[in-house]
Amino acid sequence: MLTRPTSPTILIVEDDDVLGQVLAKVLTRDEHIALHVRTADEALQFARSSRLRLVLIDAGLREGTPMELADAIQGTGRASVPLMWLATHRLENSALLSRGERLITKSIDLPELRRAVAAALLESPVAGADRRDEFSGPVVGRRSVCD
């Protein structure tokens with residue numbers, strides 16, 4: 001595990017409280033700063049006031065639609081923040097994947113989660129940082145880590 005002077009902020013938007021807390025705990029153990037919120041309103045409030053490097057959004061979010069939330073977050077001036085979708089099953093030919101973001105199924109394989117997060121963060125622009133030294137491990141595919 002590499003130590004970084006500043007860890008990225010990862011926002012997890014998941015209305016299942018247990019799953020959201022588990023994901024935040026796993027990512028925090030991997031030396032990231034991860035925050036779990038349950039609603040789109042909480043996510044937008046956090047996005048407006050915080051430095052984000054990655055957002056994981058529940059594809060089945062009950063409040064609003066996940067696409068509306070993604071657009072709203074990117075409309076807060078964070079258009080370059082990568083998004084990952086959390087889904088209960090693969091979403092073939094879905095509008096969510098047409099945007100080119102990653103999909104992780106909720107039957108999460110923790111090594112897959114770690115690889116997908118590392119890959120998304122490598123692609124995220126960071127002012128004044130050399131991202132090649134931040135993470136180690138393979139980069140997973142662009143569209144899905146479920147294969």
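The values are calculated or read from the model by the stated rules, or taken from the named source; none is laboratory data. The structure displayed is predicted, hence computed values, not measured ones. Backbone-built Cβ (ideal geometry, glycine too); neighbour counts: all protein chains shown. Calculation scope for accessible area: heavy atoms of the full protein, side chains included, ligands and nucleic acids excluded. Shrake-Rupley method; radii C 1.70, N 1.55, O 1.52, S 1.80 Å.
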* Which listed residue, of L97, L91, L113, L35, is assigned to a strand (DSSP E or B), surrounded by fewer than 21 Cβ atoms within 10 Å (Cβ to Cβ) and either at pLDDT below 90 or out of contact with any His (no Cβ under 9 Å at 6 or more places or on another chain) (or both) -> L35
* Asked: When you scan the stretch 116-128, how many residues do you find that are open to solvent by 40 Å² or more (accessible area, probe 1.4 Å) and modelled with pLDDT under 65?
  -> 2
* What is the one condition in (1) surrounded by fewer than 16 Cβ atoms within 10 Å (Cβ to Cβ); (2) acidic (D, E); (3) under 21 Å from E123 (Cβ atoms) that D17 does not satisfy? -> (3)
* **Leading residue by the ranking (modelled with the lowest pLDDT) among those in the stretch 76-88 that are open to solvent by 10 Å² or more (accessible area, probe 1.4 Å) and not β-branched (V, I, T)** => R78
* Asked: In the set L52, L69, which member is at pLDDT 85 or above, within 12 Å of the chain's Cα centre (by Cα) and not in a strand (DSSP E or B)?
  -> L52
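Residue by residue, here is whether (1) open to solvent by 50 Å² or more (accessible area, probe 1.4 Å); (2) at positive phi; (3) in contact (Cβ under 8 Å) with a residue 12 or more places away in the chain holds:
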| site | (1), (2), (3) |
| --- | --- |
| R29 | yes, no, no |
| Q45 | yes, no, no |
| L56 | no, no, yes |
| M67 | yes, no, yes |
* To do: Confirm whether V145 is surrounded by 18 or more Cβ atoms within 10 Å (Cβ to Cβ), over 13 Å from the mean Cα position of the chain (by Cα) and modelled with pLDDT under 65.
  => no
